[in-house]
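Participant: After the structure tokens below, expect a handful of questions from me.
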Amino acid sequence: MPKVNINLSPQQLMEKLISIQKERGICFHSLIKDSDKIIKQITEINRLKAEKNAIILAHTYVIPEIIYGVGDFVGDSYALSKNAKESNAKIIVFAAVRFMGETAKIICPDKEVFVPGKEDGCTLADCITANDVKRLRRKFPDYTFVCYINTTAEVKAECDVCVTSANVNKVVAAIPSDKIYFLPDKMMGQNLITQMKKEGINKGIKYYNGTCYVHEEYTIGQLLEAKKKFPKAKVISHPECLPEVCAKSDFIGSTSQLYKYIQGSPDKEFLLLTECGLASRIKIEFPDKRIVGTCTFCKYMKSNALEDILRVLTKPLARDYVRVNEKIRARALKCIDAMFKYAEA
Ligand code: 13P
Ligand code: SF4
């Protein structure tokens, strides 16, 4: 499982981050000025984690101080949901966005789950409601409804099978139905259709109209421009990117799959079409790899701060708790369990 693979004292971590920030630039700010405060916060969070039997799951898009200072696991939404499932901790602090915390709560109802981010939304999860799905099911009664994990618990409860960016192609290929309604990401739906065609799998796939505001920013014009400037760079993209961008990419995958691709690649230059957090991880962990071009920020993921994690471990606010109604949870769990069944087969 993807354990955080930098093991340094808070002091050493800050020295490393500061030197990388100076040499290569890391996509975040105010690190140098706040170094002493950050060291104290990291030390206190780690003490509280041990005292309260808590673990911190950190998505790749959150700030490096969280990932390397206090995170127990770092990864994509699929890997982190498995970490939640397998953990014996009493408390899960999910440094990410609300739908990821909800997924952990659906899988582990007996654990206390917190999402510390101040803005814990997601443009995909927020673009569709359970009523929208009910309406679509009435319109397309013979379709299997497949939802991206970037959805609320209520939406999952109305769907048949959940997927993540790490397993969408595998799971949809394995579903014994040739009529699929995929929601809510339009780009991922279109990229799924392309991939199914490539694999010679014949399914009628309809899709919803949602987009991720971070990934839809990357245009084919930018990509072609960057390729001219950096002809040796491998272009790697998240499947939430535009279909024409994915079509010109050397590799498409979840954030963890992109990370592993770079880790295992003999190439040295990469144009990375996903949120800045992955570029930061590459710069910190792989000094011989060069990231070219620019990246975009997810304001929701970046709203997780060390002070928020300290708060949820000491005096949580009502909004920090993840609560899912039991009836909804049981139905959403079926949808998530169907994913595990197909993805792990
Ligand atoms: P991953 O599961 O690939 O980490 O993606 C989650 C996400 O929100 C991407 O924008
Ligand atoms: Fe949602 Fe996009 Fe942010 Fe991922 S990057 S959490 S899809 S808004």
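Participant: Out of 65, 15, which single residue is more than 17 Å from the chain's Cα centre (by Cα), more than 16 Å from ligand 1 (Cβ to nearest atom) and either within 21 Å of residue 311 (Cα to Cα) or in a strand (DSSP E or B) (or both)?
Facilitator: Details: 15 fails: either within 21 Å of residue 311 (Cα to Cα) or in a strand (DSSP E or B) (or both).
Step by step, each of 65, 15 is checked, and only 65 is more than 17 Å from the chain's Cα centre (by Cα), more than 16 Å from ligand 1 (Cβ to nearest atom) and either within 21 Å of residue 311 (Cα to Cα) or in a strand (DSSP E or B) (or both).
Participant: Something else: Would you list the helices (runs of 4 or more DSSP H) that sit entirely within segment 118-187 and hold 3 or more residues that are without any contact (Cβ under 8 Å) to a residue 24 or more places away in the chain?
Facilitator: Details: elements: 130-139, 153-157, 168-174.
Of the helices (runs of 4 or more DSSP H) lying wholly inside segment 118-187, those with at least 3 residues that are without any contact (Cβ under 8 Å) to a residue 24 or more places away in the chain span 130-139.
Participant: Please tell me if residue 89 is in contact with a strand residue (DSSP E or B) (Cβ under 9 Å, 6 or more places away or on another chain), in contact (Cβ under 8 Å) with a residue 12 or more places away in the chain and part of a helix (DSSP H, G or I). Walk me through it before giving the result.
Facilitator: Values: in contact with a strand residue (DSSP E or B) (Cβ under 9 Å, 6 or more places away or on another chain): yes; in contact (Cβ under 8 Å) with a residue 12 or more places away in the chain: yes; part of a helix (DSSP H, G or I): no.
No.
Participant: Let me ask something else about it. Residue check, residue 114 against (1) touching a strand residue (DSSP E or B) at 6+ places or on another chain (Cβ under 6 Å); (2) closer than 20 Å to residue 214 by Cβ, all met but one. Which one?
Facilitator: Only one criterion in (1) touching a strand residue (DSSP E or B) at 6+ places or on another chain (Cβ under 6 Å); (2) closer than 20 Å to residue 214 by Cβ is unmet by residue 114, namely (2).
Participant: Pairs, please: C-beta under 6 Å, at least 6 apart or cross-chain, first residue farther than 10 Å from residue 184 by Cβ and in contact (Cβ under 8 Å) with a residue 24 or more places away in the chain and in segment 198-217, second away from ligand 1 (no atom under 12 Å from the Cβ) and in a helix (DSSP H, G or I)?
Facilitator: Final answer for the pair search is 201/173; 203/196; 205/193.
Participant: Looking at 208, 213, can you tell me which residue is more than 15 Å from ligand 1 (Cβ to nearest atom), of a type outside the set (A, V, I, L, M, F, W, C) and at pLDDT 95 or above?
Facilitator: Numbers: 213 fails: more than 15 Å from ligand 1 (Cβ to nearest atom).
The conditions single out 208.
Participant: While we're on this one: Which of the residues spanning segment 107-117 are more than 16 Å from ligand 1 (Cβ to nearest atom) and not in a strand (DSSP E or B)? Step through it out loud before you land on a result.
Facilitator: Residues of segment 107-117 more than 16 Å from ligand 1 (Cβ to nearest atom): 108-114, 116.
Answer for segment 107-117, where residues must be more than 16 Å from ligand 1 (Cβ to nearest atom) and not in a strand (DSSP E or B): 108, 109, 110, 111, 116.
Participant: Would you tally the residues in segment 116-133 being crowded, with 22+ Cβ neighbours inside 10 Å and within 12 Å of ligand 2 (Cβ to nearest atom)?
Facilitator: Within segment 116-133, the subset crowded, with 22+ Cβ neighbours inside 10 Å is 116-117, 120, 122, 124-125, 128, 133.
After this cut, where a residue has to be within 12 Å of ligand 2 (Cβ to nearest atom) as well, the list is 117, 120, 122, 124-125.
Adding up the residues that qualify gives 5.
Participant: Checking the structure you have, find out if any residue of segment 225-235 is free of Cβ contacts under 8 Å to residues at least 60 places away in the same chain, within 16 Å of ligand 1 (Cβ to nearest atom) and closer than 14 Å to residue 292 by Cβ.
Facilitator: There is no residue in segment 225-235 that is free of Cβ contacts under 8 Å to residues at least 60 places away in the same chain, within 16 Å of ligand 1 (Cβ to nearest atom) and closer than 14 Å to residue 292 by Cβ.
Participant: Within segment 46-62, how many residues are surrounded by fewer than 24 Cβ atoms within 10 Å (Cβ to Cβ) and in contact (Cβ under 8 Å) with a residue 60 or more places away in the chain? Steps first, answer last, please.
Facilitator: Going through segment 46-62, the residues surrounded by fewer than 24 Cβ atoms within 10 Å (Cβ to Cβ) turn out to be 46-55.
In the following step, the residues that additionally are in contact (Cβ under 8 Å) with a residue 60 or more places away in the chain were identified as 48-49, 52, 54.
Here the count works out to 4.
Participant: Being among the small types (Gly, Ala, Ser) and more than 16 Å from ligand 2 (Cβ to nearest atom) is the filter here; which residues of segment 210-262 pass it? Show your work before the answer.
Facilitator: First pass over segment 210-262, keeping only residues among the small types (Gly, Ala, Ser): 210, 221, 226, 233, 237, 247, 249, 253-254, 256.
221, 226, 233, 247, 249, listed by residue number.
Participant: Scan segment 143-155 residue by residue and report those that are within 16 Å of ligand 2 (Cβ to nearest atom) and within 20 Å of residue 345 (Cβ to Cβ).
Facilitator: Residues satisfying the conditions are 147, 148, 149.
Participant: Would you list the helices (runs of 4 or more DSSP H) that sit entirely within segment 231-328 and hold 2 or more residues that are surrounded by fewer than 17 Cβ atoms within 10 Å (Cβ to Cβ)? If you could, list the steps in order and put the result at the bottom.
Facilitator: Details: elements: 243-247, 255-264, 276-285, 306-314.
Output list reads 243-247, 255-264, 306-314.
Participant: How many residues does segment 144-170 contain that are farther than 17 Å from residue 332 by Cα and crowded, with 23+ Cβ neighbours inside 10 Å?
Facilitator: Of the residues in segment 144-170, the ones farther than 17 Å from residue 332 by Cα are 165-170.
When the remaining residues are screened for being crowded, with 23+ Cβ neighbours inside 10 Å, the result is 165, 168.
Total meeting the criteria: 2.
Participant: Just give me the residues in segment 306-345 being aliphatic (A, V, I, L, M) and either modelled with pLDDT under 95 or in contact with a Pro (Cβ under 6 Å, 6 or more places away or on another chain) (or both), in sequence order. Can you show your working first?
Facilitator: Step one: filter segment 306-345 for residues aliphatic (A, V, I, L, M), giving 306, 309-310, 312-313, 317-318, 322, 324, 328, 330, 332-333, 336, 338-339, 343, 345.
Residues satisfying the conditions are 309, 312, 345.
The values are calculated or read from the model by the stated rules, or taken from the named source; none is laboratory data. All figures in this text were calculated on a predicted structure; none of them were measured in a lab. Cβ atoms come from the backbone with ideal geometry, glycine included; neighbour counts cover every protein chain shown.
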